[in-house]
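Values quoted throughout were computed directly from the atomic coordinates according to the rules given, and no laboratory measurement underlies them. What you see is a predicted model; the values in this text were computed from it and never measured. No Cβ is skipped: glycine too gets one built from the backbone with ideal geometry, and neighbour counts run over all protein chains shown.
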């Protein structure tokens, strides 16, 4: 009786393993691991008339600093300001390779907005909520991306995490579900607000940067990046691949290092290791026909420009755009 009971238990254990572990892996292989390549940005670039001669690319550091309408009014050359929210070097590389290079636009200048070590941290903003957007810009064969992301994710924990992502591809839906829940909750809240105040506006006012404790801005401005010394190896970052794309397509490449939120007064001071890193970055770019513009020590970009973290306020964005144009006028002639 005991042996029969034990055998039955083993059978149920086997069924449990098959259902809980193997079934999701089998059923999930149908399309969640990597989405289809999004051709929309390519179509938009091809349809542009006139074709942009200057292309600006970056994340919110670009989006909160440059007003496209103001820049277009100031510039003699057609300009395209391409704001990729939540992006970093992996998506910048993919956009330049799979969209700009294939569009036939052929701009004279490409300007990449970045912070500190963003250019050489290949895995930054490539997982979790950023993964779907990254996959949309990827074609079926992306050897550079695969090599860099796999090569950097070599720890036992990372490998285990990748295994469970493979085993449970439906987990990639979590971000979509979370976004849906947030939107639904927001609509419900708006519908019951007595004075008709927009909930987002009320929330922004409640947690305005000026109401936070004095040391909070510096924490908002910091992100956990790889602190390694500058390394231009193609096996270490997307930077040399971006530089090579520019050479192949005849783009003049400029990397624009934004000034992060000032720490004391209107000053932003780099640590010695970061100073050395930026110096090595500049030397590498100059040797490869690219430029580095660094406004970190520009004391005219004071606290009055900033809203939250490293973001420039909406009110100061036109003025920032004008200053950016004046300092880089040669790009727009």
*asked:* Restricting to segment 291-315, give me the number of residues that are crowded, with 19+ Cβ neighbours inside 10 Å and more than 21 Å from the chain's Cα centre (by Cα).
replied: 2
*asked:* Quick check on segment 51-60. Is at least one of its residues within 19 Å of residue 98 (Cβ to Cβ), surrounded by fewer than 19 Cβ atoms within 10 Å (Cβ to Cβ) and free of Cβ contacts under 8 Å to residues at least 60 places away in the same chain?
replied: yes
*asked:* One residue is enough: does segment 259-267 have a residue meeting the conditions without any contact (Cβ under 8 Å) to a residue 40 or more places away in the chain, within 24 Å of residue 91 (Cα to Cα) and under 22 Å from the mean Cα position of the chain (by Cα)?
replied: no
